[in-house]
Amino acid sequence: MKFGQIGDIPGKFARPKGIAVDSEGHIYVVDAAFNNVQIFNEKGRLLLFFGEMGVGPGKFWLPAGMYIDKNDKIYVADQYNRRIDIFQYLGEKYRKSRQQK
């Protein structure tokens, strides 16, 4: 499978620095040029992206890599902010749990 190409809009890449897959098959790509994480479905269609340049919560300054643990927590190594940011994507899981109530 191949997806993505060079560009400066969501769904495209400039400086991808890491890739990981969660338990549902979502593909995560961290991009140092855009200072964001992009989430794709298993077919390569963009679902959402988060992050921007900065120093506050949810902001990155040259992210250098990422990891997803067995509980689908997303760890992003934020190089110049000198920290590891931890997130959890709840998109499909949240929608499913809300529909069951």
- Item | Selection status of Asp31, under 13 Å from Gln88 (Cα atoms), free of Cβ contacts under 8 Å to residues at least 40 places away in the same chain and out of contact with any Ser or Thr (no Cβ under 9 Å at 6 or more places or on another chain) | no
- Item | Search result, residues across region 58-74 that are over 12 Å from the mean Cα position of the chain (by Cα) and on the phi > 0 side of the Ramachandran plot | Leu62
- Note on the structure: Counted residues in region 13-27 being surrounded by 14 or more Cβ atoms within 10 Å (Cβ to Cβ), closer than 17 Å to Leu62 by Cα and of a type in the set (D, E, K, R) come to 1
- Query: So which of Val30, Val37, Val55 ends up being more than 14 Å from the chain's Cα centre (by Cα) and either under 17 Å from Ile84 (Cα atoms) or surrounded by 14 or more Cβ atoms within 10 Å (Cβ to Cβ) (or both)?
  - Reply: Val55
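Residue under question is Ile84, and the condition is that it be of a type in the set (Val, Ile, Thr) and surrounded by fewer than 13 Cβ atoms within 10 Å (Cβ to Cβ); does it hold?
Numbers: of a type in the set (Val, Ile, Thr): yes; surrounded by fewer than 13 Cβ atoms within 10 Å (Cβ to Cβ): yes.
Considered against the rule, which asks whether it is of a type in the set (Val, Ile, Thr) and surrounded by fewer than 13 Cβ atoms within 10 Å (Cβ to Cβ), Ile84 comes out as yes.
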- Of all residues in region 72-101, count the ones that are at pLDDT 85 or above and either in a strand (DSSP E or B) or closer than 12 Å to Val37 by Cα (or both). 12
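The values are calculated or read from the model by the stated rules, or taken from the named source; none is laboratory data. Computed from a predicted model, the values in this text were never measured in an experiment. Cβ coordinates were reconstructed from backbone atoms using ideal geometry, including for glycine residues, and neighbour counts include every protein chain displayed.
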